[in-house]
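Peer 1: Dropping the structure in here first, questions after.
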Amino acid sequence: MLFNSYVFIFLYLPVVLLGFFWLAKASHTYASWWLALASLFFYGYWNPAYIGLLLGSVAFNYTLGLWIAKAGVRHEERRKKQLLLAAIAANLALLAYYKYANFFVDSLNNAAGTGWELERIILPLGISFFTFTQIAFLVDTFQGKVKEYNFVHYMLFVTYFPHLIAGPILHHKEMMPQFARPSTFHFNGEMFALGMTIFVLGLAKKVLLADSFAEFPAPIFSAVAEGGQPMFFEAWIAALAYTLQLYFDFSGYSDMAIGLSLMFNVRLPVNFNSPYKASNIIDFWRRWHMTLSRFLRDYLYIPLGGNRKGKARRYLNLMATMLLGGLWHGAGWTFVIWGGLHGIYLVINHVWRAFRQKLGIGDGGNLARSFFIGLTFFAVVVSWVFFRSESYSAAIAMLSGMFGLNGLSVSEPIWLHLHGTHPQWLEGVSMNGLAPLSKINPDRALILIIIGLMIVWLSPNVQQIMRRFRPVLSEAGEVGASRLQWRFNAGYAWLAGLVFVFSLSFLSRVRDFLYFQF
């Protein structure tokens, strides 16, 4: 079931909300069970067969968590560690089977020339997210950070539908106090209005912006995968359109998840904070998929040694973390390359910072900051080409086009205009050099890309606009200030209503969220 569908907005969500607050009047436990079971229904709507997988994962990790906690009480440190390692290994084995088995077999066949066959395994939705969420729970239990072991709350913590399919990745200590708080079970008009408003703004990002950009990358990337050679403009249209599609798609999902959770009086951690405004790659990863960055830092980078064992080891740990982070996003070598590129970017960023500090070089002011924002954005766009491409060769072909190595092409209206006014400019320039460009409107693509970049760089994000209402769990400084502040009055209510109605008119072209694939 998709957040951006009529059945979710007009049937599932109202029924779940009404049932939750009605049952809460009789018993908070009944209401918790209702929300947990409704979340299971939400998950099973896609494929009921995988409900058993999710329930088995929940029961296994809850049981192992209890055993780890009891071993800690008895001071059986060796047994506690053995239980933790066994539980993590089981979770990773499950993830590896469903997500990477076909990839490993195909890679082995290509490398060794063997012909092993494995039946294609359907990837369960959200398996990466609910697996990482529960690994975090096990580690937190091992470290003595978990204080509550109420099963229904744990089940709700894992299956809670606003975050189940595409995050954020939650910490036990963030959610359990909220599920245990009496005020969570009482309808709050302000929280509902806040949540509904944020949901509407996220819906608009998805259906008006992300889905509008979606029509441009697919035909060009597909043609390149089949051997086409993109020229300069079409390559950049595809790369920038995908860069903005992914941005608004994930930003829209994150806002919708936050808004939905607020309707139930529960705050989620901030997961997306204008990452294309980052002035360096370190800052980018503090803004993009923030809970995944937190997970990789706390449960992979730091256990590997972090920055405690010298610079060389620090850079090695960064590379290992980002390579595994790339593999987490998808079972393919292009994802590994994408992660490796970001690992290289991070190493260069840390070396540059150390160099600046050594020489006492300042930040250079606003002009330098704008330059570095542009440079960071360019590096991210290059990496997204690998992320989106179906193969390494397709990504190289796309990058060759972006760097002008395949020549230049323009659309027919531009060609005819320039031919009549400045024919000397057209020497060496072809018209519609790649077939897919003739199937899209490059002028419309250019206008949308300019509008998208203006929104990305010049406008505040939803968390900043709603900051006074504290819509998310965030650390100090994570969500910046904005002059534009939302207010609950008739004018803003009408604006939200108009955005909602306009967004609904586009729901006939329902598209999955991109992060459902990861």
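Peer 1: Listed highest first by mean packing, meaning other Cβ atoms within 10 Å per residue, what order do 288-298, 60-70 come in?
Peer 2: 288-298, 60-70
Peer 1: Stokes-Einstein diffusion coefficient for the stretch 254-355 at 20 °C in a medium of 1.002 mPa s, Rh from the Kirkwood formula over Cα pairs: what value in µm²/s?
Peer 2: Rounded to a whole number, D works out at 145 µm²/s.
Peer 1: What is the Cα radius of gyration of the stretch 202-258 over 2.2 N^0.38 Å, N being its residue count? The partial results should precede the final answer.
Peer 2: Values: Rg = 12.9 Å, N = 57, 2.2 N^0.38 = 10.2 Å.
Normalised Cα radius of gyration, the stretch 202-258: 1.26.
Peer 1: When Lys and Arg each count +1 and Asp and Glu each count -1, what net charge do the other residues less than 12 Å away from ALA223, Cβ to Cβ, add up to?
Peer 2: -2
Peer 1: Let me ask something else. With Cβ to Cβ distances under 13 Å as the rule, what net charge do the other residues near SER212 carry (K, R +1; D, E -1)?
Peer 2: Local net charge: +2.
Peer 1: Specify which residue in the list THR321, ALA331, VAL380 is farthest towards the positive end of the charge dipole of the stretch 277-399, using unit charges on the beta carbon of Lys, Arg (+1) and Asp, Glu (-1), about the Cα centre.
Peer 2: Going by the Cα projections, it comes out as THR321.
Peer 1: To continue, here is another question. Within 10 Å of each candidate Cβ there may be at most 13 other Cβ atoms; applying that plus a DSSP loop requirement, which GluC sites (Glu not before Pro) in the stretch 196-300 survive?
Peer 2: Those that pass, being in a loop and sparsely packed, are GLU226.
Peer 1: Under the definition of Cα pairs under 8 Å and six or more residues apart, what whole-number percent is the relative contact order of the stretch 9-57? Display every interim value, and only then the final one.
Peer 2: On the way: 20 pairs, mean separation 11.4, N = 49.
Relative contact order for the stretch 9-57 comes out at 23 percent.
Peer 1: Quote the charge dipole size of the chain about the Cα centre in Debye, to the nearest 20; the model charges only the Cβ of Lys and Arg (+1) and of Asp and Glu (-1). The partial results should precede the final answer.
Peer 2: Details: 40 positive and 25 negative charges, 441 e Å.
That gives a dipole near 2120 debye.
Peer 1: Show me, for the stretch 93-107, the HN-Hα J-couplings you get by feeding each phi into the Karplus relation (A = 6.51, B = -1.76, C = 1.60, θ = phi - 60°), rounded to Hz, glycine and proline as x.
Peer 2: 5, 4, 5, 5, 4, 6, 9, 10, 4, 4, 5, 5, 5, 4, 5
Peer 1: Could you derive backbone 3J(HN,Hα) for the stretch 29-36 from the dihedral phi with the Karplus parameters 6.51, -1.76 and 1.60 (θ = phi - 60°), listing whole Hz in sequence and x where the residue is Gly or Pro?
Peer 2: 3J(HN,Hα) across the stretch 29-36, in whole Hz: 5, 4, 5, 5, 5, 4, 5, 5.
Peer 1: Please report the spacing between the Cα centers of the stretch 286-361 and the stretch 150-200 in Å, no decimals.
Peer 2: 31 Å
Peer 1: Rank these for me by crowding, HIS186, HIS350, going from fewest to most other beta carbons within 10 Å.
Peer 2: Fewest-to-most ranking of HIS186, HIS350: HIS186, HIS350.
Peer 1: Tell me, ASP363, ASP283 in order of fewest to most beta-carbon neighbours within 10 Å?
Peer 2: ASP363, ASP283
Peer 1: Now, a different point. For the stretch 38-103 and the stretch 448-518, write down the distance between their C-alpha centroids in whole Å.
Peer 2: 35 Å
Peer 1: Distance in nm between label sites at ALA225 and SER391, each 7 Å beyond Cα in the beta-carbon direction?
Peer 2: 1.1 nm
Peer 1: With each label point set 7 Å from Cα along the Cα-Cβ vector, what nm distance links ASN150 and GLU174?
Peer 2: Roughly 2.0 nm, to one decimal.
Peer 1: Still on this model: Please sort 99-111, 451-463 by packing, taking for each peptide the average over its residues of neighbouring beta carbons within 10 angstrom, highest first.
Peer 2: Values: 99-111: 14.3, 451-463: 17.2.
Put in order of decreasing packing, that is 451-463, 99-111.
Peer 1: Per the Kirkwood formula on distinct C-alpha pairs, the Rh of the chain is how many angstrom?
Peer 2: 24.9 Å
Peer 1: Choose one of THR63, MET196, ILE449: the residue whose Cα lies farthest towards the positive end of the charge dipole of the chain (beta-carbon charges +1 Lys, Arg; -1 Asp, Glu; about the Cα centre).
Peer 2: The residue sitting most towards the positive pole is THR63.
Peer 1: Suppose each label sits 7 Å from its Cα in the direction of the beta carbon; what would the ALA96-VAL73 distance come out to in nanometres?
Peer 2: 3.3 nm
Peer 1: Could you work out the equivalent-ellipsoid semi-axes for the stretch 465-518, taking the square root of 5 times each eigenvalue of the Cα gyration tensor, largest first, in whole Å?
Peer 2: 26, 22, 8
Peer 1: Find out how many positive minus negative residues lie around TYR253, taking Lys and Arg as positive, Asp and Glu as negative, among other residues whose Cβ is under 15 Å from that of TYR253.
Peer 2: Result for the neighbourhood of TYR253: -1.
Peer 1: Stretched out fully, how many nm does the piece from SER5 to LEU304 gain, at 0.36 nm a residue minus the Cα gap?
Peer 2: Numbers: separation 299, 0.36 × 299 = 107.64 nm, distance 4.26 nm.
Contour length minus Cα-Cα distance gives 103.4 nm.
Peer 1: In degrees between 0 and 90, to the nearest 10, how far off the longest principal axis of the chain does helix 127-142 point, with axes built from Cα atoms?
Peer 2: Compared with the principal axis, the helix lies near 50 degrees.
Peer 1: Can you compute the charge dipole magnitude of the stretch 6-186 about its Cα centre, using +1 on each Lys and Arg Cβ and -1 on each Asp and Glu Cβ, nothing else charged? Give it in debye, rounded to the nearest 20.
Peer 2: I would put it at about 640 debye.
Peer 1: Same structure again: Neighbour counts of other C-beta atoms within 10 Å: give me LEU55, LEU35 arranged from fewest to most.
Peer 2: Listing LEU55, LEU35 from fewest to most nearby Cβ atoms yields LEU55, LEU35.
Peer 1: Let me ask something additional. Around LEU473, which amide H atoms from residues at least 5 apart in sequence, or from another chain, sit under 5 Å from its own amide H, with H modelled in the peptide plane?
Peer 2: It is LEU268, VAL270, by chain and number.
Peer 1: Here's something else I'd like to know. Taking the mean number of other Cβ atoms within 10 Å as a proxy for protection, how do you rank 84-91, 377-384, 333-340 from highest to lowest?
Peer 2: Most protected by this proxy first, the peptides run 333-340, 377-384, 84-91.
Peer 1: A follow-up question, please. Please give the FRET efficiency for VAL499 paired with LEU37, using the beta carbon to beta carbon distance and R0 = 22 Å, rounded to the nearest 0.05.
Peer 2: Rounded to the nearest 0.05, the efficiency is 0.10.
Coordinate-derived values only; no laboratory data. Keep in mind it's a predicted model, so treat the numbers as computed, not measured. Here Cβ is always computed from backbone atoms with ideal geometry, including for glycine, and neighbour counts include all displayed protein chains.
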